[in-house]
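The values are calculated or read from the model by the stated rules, or taken from the named source; none is laboratory data. Predicted, not measured: the structure shown is a model, and the values here were computed from it. Virtual Cβ from ideal backbone geometry, glycine too; neighbours counted across all protein chains shown. Ligands, DNA and RNA are excluded from the accessible area calculation, which covers all protein heavy atoms including side chains. Shrake-Rupley method; radii C 1.70, N 1.55, O 1.52, S 1.80 Å.
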Amino acid sequence: MMELWETYGIWTAFTLLYIVLIVGGVLLSVAYLTYAERKVLGGMQRRQGPMTVGPFGLLQPIADGLKLFSKETIIPSQANKPVFLMAPMLLFALSLVAWAVIPFDKGWVLANINVGVLYLFAISSMGVYGVIMAGWASNSRYAFLGALRSASQMVSYEVSMGLIIVCVLLCVGTLNLTEIVTTPRPVWMQILLFPMFIVFLVSILAETNRAPFDLPEGESEITGGFMVEYSAMTFALFFLGEYANMILMSAITTTLFLGGWLPPFSMWLPAGITDVLALVPGLVWFALKTAAVLFVFLWARATLPRYRYDQLMRLGWKIFLPLTLFWVVLVAGTLLTFDALP
Amino acid sequence: MIIQALAFYLFAGILSLSALAVITARNPVHSVLFLILAFFNASGLFLLLGAEFIAMILVIVYVGAVAVLFLFVVMMLDINFSDLRKGAMQYVPVGLLIGLILLIELAVIYQTWSLDAITAAASISMANMGETTNTELIGANLYTNYVLPFQIAGLILFVAMIGAIVLTHRSRPGVKRQKVAQQYARQRDEAMEIVKVTPRTGA
């Protein structure tokens, strides 16, 4: 037993510490993402956003959290209780476990596994279960409709997301996220991947059920979709899960397309400026890039009206799928022609 | 090693129990959820074997795509399952027969299976592997030595997909559809008419 402690004890203790740090950081980011969202939406609609609780309303997310904690959890009598309670926990847990493979800085990654991209894809493809289980277990028509919408939406957009990831993988030749960031990409490769970056941004909006693709919630038609029967903590878990997923998807975009923790535009700027930019810690660049992608989420929400469901499906299957499939062939062909395969 | 053994028994235990629960659960949706749990634990077992690529693909394909559609269909079914269960006992002999055949086949395989040859082959391939990950190895093998079988498997799946679409597709007359290309092709002349209105005439 002592031997076991010596081989695994210290490692376990450090891993637990890292997990606590990552989860704490993610939850804090989630809290202030809700604040940022309300401030940005406020700014875009010429309002002030939260401003009463604390200086500049900075304590608003904490007040909201306390409010949700102190409310009563209501479980509908017709609901399937175990599945009803498991759904929000599953969604929340899945939005946290994916962070294990995200590299925050050089060497700052909890699990540097060889199949990091596949792991992220596997975890994000499981997120749909939380929604389906919630919709089915609530035993309510609105919730069920929301779950059905969400399931078909997430499955549809995963297809084109997978193909976009294949484009990136063709260029870098590895499934390890750290190596994806560090593999240098020439300028022509960046230009070749840029359209896929845009398609990926739209796909992650659909994948996280955010506006303009927030039909699973669709409060104007199905009153809140799959989470209509949830209250207090169970609702808070859905809410946290959704926002943690937004941050996660932005972090994945940063890792795949925006060069992770590396200083930006290193190929485009003169050497003097890039040296100065390299002085800034990698974590800061990572956070800034992720925040920039998150801003697109909020921007889209403030700007675009909600899609109709058939338009959403048409965009996914008839436009994104052929486009990304063509782009995989184009990227592969270009790499083969110019003998640039990694 | 002890951690690996513990993890193996954990995964294998949950896998067996949830597989049992798939066929015993009264609610079909619960059955599918247990099936998903079984898939997930099977992928854990693959991870223990060091086959990380297959483990991830199992989760992506079976849990992320196949089982979602399964759950989708089962949730939408409106069948009284207690009625369905009444006649189930008459199929027990057939089930037992199939089970027996499978058991015999397994026994035959186990008899002819030489463990030494397999470990020898595995150690050779492990020696050749060197630094390459098993993702690379599977890819290289699949697209060089087994290109034709792989492509034929893809074609068969493709034909099956087209077949499913053809069988279920009904074109109903009189359904109004949005024709996006037509909408875009519309010109200003056919869509609107500019009328000069003389003021104070009301027309």
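Would you mind calculating the gained length between B:L77 and B:Y110 on full extension (0.36 nm times residue separation, minus the Cα-Cα distance), in nm to one decimal? Before the final figure, lay out the partial values.
Values: separation 33, 0.36 × 33 = 11.88 nm, distance 4.08 nm.
Additional length available on full extension: 7.8 nm.
For region B:1-65, what class follows from the C-alpha gyration tensor (a ≥ b ≥ c being the square roots of its eigenvalues): rounded when a/c is under 1.5, otherwise prolate if a/b is larger than b/c, else oblate? Note, shape of region B:1-65 comes out oblate.
If the only charges are +1 at each Lys and Arg Cβ and -1 at each Asp and Glu Cβ, what is the size of the charge dipole of region A:18-157 around the Cα centre, to the nearest 20 debye?
Taking the Cα centre of region A:18-157 as origin, the dipole is about 380 debye.
Membrane-span-like helices in chain A, defined here as complete DSSP H runs extending at least 20 Å along the helix axis by their C-alpha atoms with mean Kyte-Doolittle hydropathy no lower than 0.0, are A:10-44, A:81-97, A:116-137, A:141-172, A:187-207, A:232-257, A:282-303, A:321-337; this is a sequence and geometry rule, not a statement about a membrane. Straight-distance candidates among the lysines for linking to A:K318, with alpha-carbon spacing under 18 Å and chain neighbours fewer than 8 residues away dropped: B:K179.
Return the average number of partner chain Cβ atoms within 10 angstrom of each residue Cβ along peptide A:119-125.
On the way: counts 5, 1, 5, 11, 4, 2, 7.
Counting other chains' Cβ atoms within 10 Å and averaging over A:119-125 gives 5.
The loop-placed trypsin sites (Lys or Arg not before Pro) in region A:230-317, going by DSSP, that have at most 11 neighbouring Cβ atoms within 10 Å of their Cβ come out as A:R308.
Where in region B:14-45 does the amide nitrogen come within less than 15 Å of the point 7 Å from the Cα of B:Q90, taken along Cα to Cβ? Answer for region B:14-45: none. With a 1.4 angstrom probe, the accessible area lost at the A-B interface totals about 2300 Å².
Restricting region A:100-151 to trypsin sites (Lys or Arg not before Pro) that sit in a DSSP loop and have at most 15 other Cβ atoms within 10 Å of their own Cβ leaves A:K106.
Contour minus end-to-end for B:I101 and B:E193, with contour as 0.36 nm per residue of separation and end-to-end as the Cα-Cα distance?
On the way: separation 92, 0.36 × 92 = 33.12 nm, distance 7.78 nm.
That works out to 25.3 nm of additional length.
Simple point charges give the picture: +1 on the Cβ of Lys and Arg, -1 on the Cβ of Asp and Glu, and for the protein assembly as shown a dipole about the Cα centre of about 2300 debye. Across the protein chains, with a 1.4 Å probe defining accessible surface, the residues A:I113, B:I156 rank B:I156, A:I113 from largest area downward.
When the protein assembly as shown is described by a simple charge dipole with +1 on each Lys and Arg Cβ and -1 on each Asp and Glu Cβ, the residue from A:F197, B:Y146, A:I222 located farthest towards its positive end is A:I222.
How large is the Kirkwood hydrodynamic radius of region A:181-316, in angstrom, based on all distinct alpha carbon pairs?
With all distinct Cα pairs of region A:181-316 included, I get 16.9 Å.
Can you give the FRET efficiency for A:V97 and A:A300, using 1/(1 + (r/R0)^6), R0 = 25 Å, r = Cβ-Cβ distance, to the nearest 0.05? So the FRET efficiency works out to roughly 0.40.
If R0 is 60 Å, the Cβ-Cβ spacing of A:L59 and B:L155 corresponds to a FRET efficiency of close to 0.45.
Are there chymotrypsin sites (Phe, Trp or Tyr not before Pro) in region B:1-55 that DSSP marks as loop and that have at most 11 other Cβ atoms within 10 Å, and which are they? Sparse-neighbourhood loop chymotrypsin sites (Phe, Trp or Tyr not before Pro): none present. Distance between the pseudo-spin-label points of A:L277 and B:Y146 (7 Å out from Cα toward the beta carbon): 4.5 nm. Peptide A:129-137 shows a mean partner chain C-beta count of 3 within 10 Å per residue C-beta.
Cross-link partners of A:K81 among lysines, defined as those whose alpha carbon lies under 21 angstrom from its own and excluding same-chain residues fewer than eight positions apart: A:K71. What a 1.4 Å probe finds exposed on region A:146-193 is 72% carbon and sulfur by accessible area, rounded to a whole percent. Across peptide B:65-77, the mean count of Cβ atoms from other chains lying within 10 Å of each residue's own Cβ comes to 4.
Assuming 0.692 mPa s and 37 °C, estimate D for the protein assembly as shown with Stokes-Einstein, Rh taken as the Kirkwood radius over Cα pairs, in µm²/s.
Numbers: Rh = 26.9 Å.
Here the translational diffusion coefficient equals 122 µm²/s.
Test of understanding: what is the full-extension gain from A:M313 to A:M233, defined as 0.36 nm times their sequence separation minus their Cα-Cα distance?
Details: separation 80, 0.36 × 80 = 28.80 nm, distance 3.26 nm.
Result for the pair: 25.5 nm of gain on full extension.
How large is the helix-only mean residue ellipticity at 222 nm for chain A, computed as the sum of -39500 (n - 2.57) over DSSP H runs with n ≥ 4, divided by its residue count, in deg cm²/dmol to the nearest 500?
Working: 13 runs with 227 residues, N = 342.
One gets -22500 deg cm²/dmol as the mean residue ellipticity at 222 nm.
At 7 Å along Cα-to-Cβ for each site, give me the label-to-label distance between B:I162 and A:D105 in nm. The answer from the label model is 5.6 nm. In this simple spin-label approximation, B:L10 and A:E179 carry label points 7 Å from Cα along the Cα→Cβ vector, and these lie 2.8 nm apart. Largest accessible area first, the listed residues B:M76, B:M56 line up as B:M76, B:M56 when surface is computed with a 1.4 Å probe on the assembled protein chains.
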